[in-house]
Amino acid sequence: MAKLYTYKGKGQLHAAVRGSGRFVPLCNIEKLQFTPQTKDSELLNTQTVGGGQLDVLSEVTGVDVSIGGISQYSPDNLALLLKGTASIIAAGTATETVRINRNCLSPVSKPIDWTKPVTVKASANAKGTVKELTEATHWMRSGAGIRVLDVAALIDGDPVDINYTSLAITQVDALTAPNVELELQFEGLNAADGGSPVIVRAFRVRLGAGGLDLIGDDFSKSELSGKLLMDPSRVGVGVSQFFTVQQVQ
């Protein structure tokens, strides 16, 4: 007699651009669901007032994929969430021209390394009388640049040159890879069966864009949903064109 199972799932989901073989982890997730969708064709009994069905045919129209509670982020899975690309940008010196406005932020393109010297000087075409802006007198540090103080001698809209050293960063450019096909590999563990492996492979998946909770009272969690498509390259009697589930006997 075949072994009977109960199931309580744990595990880690990996995703790869289809055909690349590079499966990156989505880290900590709370939900993973594959839900087949069906369309029923009914043959109704019209011969008697009792009605009823003489026959019914259920056809699979698609498979929905739902990934919920993504709560840990890496450059790779953040790029997947935002349908973008991730890149590493090395630290380096930079000079940027920005416009200043009193009591406002003047951002630069990369985070500043405040352990290194930072100078702020009026550009050649600035109209104000202050040529060298000093920290604490004319501006203060900010995470994205400098925050200009309310100093009467500063003219709103004047350009200044900020010379600084940037920190090394990872940058995700969102919504630059909108229609990427993926493969999914779930390394599951059945907690109700002593942690025995449950391996699920989905061969052709398209996911929508997820969101980011940038401010909230709790840990940020993101959701992804999409479609599990048929893979026509998988052929043979009894061979699934959608996904497979493997359990240890």
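Only the coordinates and a few stated rules stand behind these numbers; no lab work does. Computed from a predicted structure; not experimentally measured. Here the Cβ is made from the backbone with ideal geometry for all residues, glycine too, and neighbour counts use every protein chain on show.
Quick notes on this structure:
- Per-peptide packing, taken as the mean over residues of other Cβ atoms within 10 Å, places 73-81, 15-23 in the sequence 73-81, 15-23 from highest down.
- Gain upon complete extension [Ala124, Ala16; 0.36 nm per residue less C-alpha separation]: 33.8 nm
- Per-pair calculated FRET efficiency, R0 = 30 Å: Tyr5 and Val56 via Cβ, rounded to 0.05: 0.55
- Relative contact order of the chain, pairs being alpha-carbon contacts under 8 Å that are 6 or more residues apart, as %: 24
- Virtual spin-label span in nm between Ala144 and Thr46, 7 Å along Cα→Cβ: 6.5
- For segment 48-57, Karplus couplings with θ = phi - 60° (6.51, -1.76, 1.60), whole Hz, Gly/Pro x: 9, 6, x, x, x, 10, 8, 7, 8, 10
- Packing-based ranking, highest mean first, of 4-12, 240-248 given that Cβ atoms within 10 Å are counted: 240-248, 4-12
- Relative to the compact-globule estimate of 2.2 N^0.38 Å, the Cα radius of gyration of segment 91-167 comes out at 0.99.
- Separation in nanometres of the label points that stand 7 Å from Cα toward Cβ, at Ala168 and Thr85: 2.2
- Alpha-carbon centroid distance for the pair segment 150-175 / segment 18-78, whole angstrom: 47
- Least to most buried among Trp114, Trp139 (fewest other Cβ within 10 Å first): Trp114, Trp139
- For the listed residue pairs Lys10/Lys221; Lys39/Lys221; Lys3/Lys39; Lys83/Lys110; Lys3/Lys221, the alpha carbons are over 25 angstrom apart in Lys39/Lys221; Lys3/Lys39; Lys3/Lys221.
- Alpha-carbon Debye profile of segment 1-130, log10 I(q)/I(0) at 0.16 Å⁻¹: -1.04
- Extension gain from Ala152 to Phe23, taking 0.36 nm per residue of separation minus the Cα-Cα distance: 40.8 nm
- Other residues lying with their Cβ under 12 Å from the Cβ of Gly68 contribute a combined charge of 0, Lys and Arg counting +1, Asp and Glu -1.
- Charge tally for Val180 (other residues, Cβ to Cβ under 10 Å; Lys, Arg +1; Asp, Glu -1): +2.
- All Cα pairs of the chain, percent lying beyond 32 Å: 50
- Counted charge near Gln241, where neighbours are those whose Cβ lies closer than 10 Å (Asp, Glu -1; Lys, Arg +1): +1
- One decimal place: the segment Glu30-Val245 gains 75.5 nm when fully extended, by the rule 0.36 nm per residue minus the C-alpha distance.
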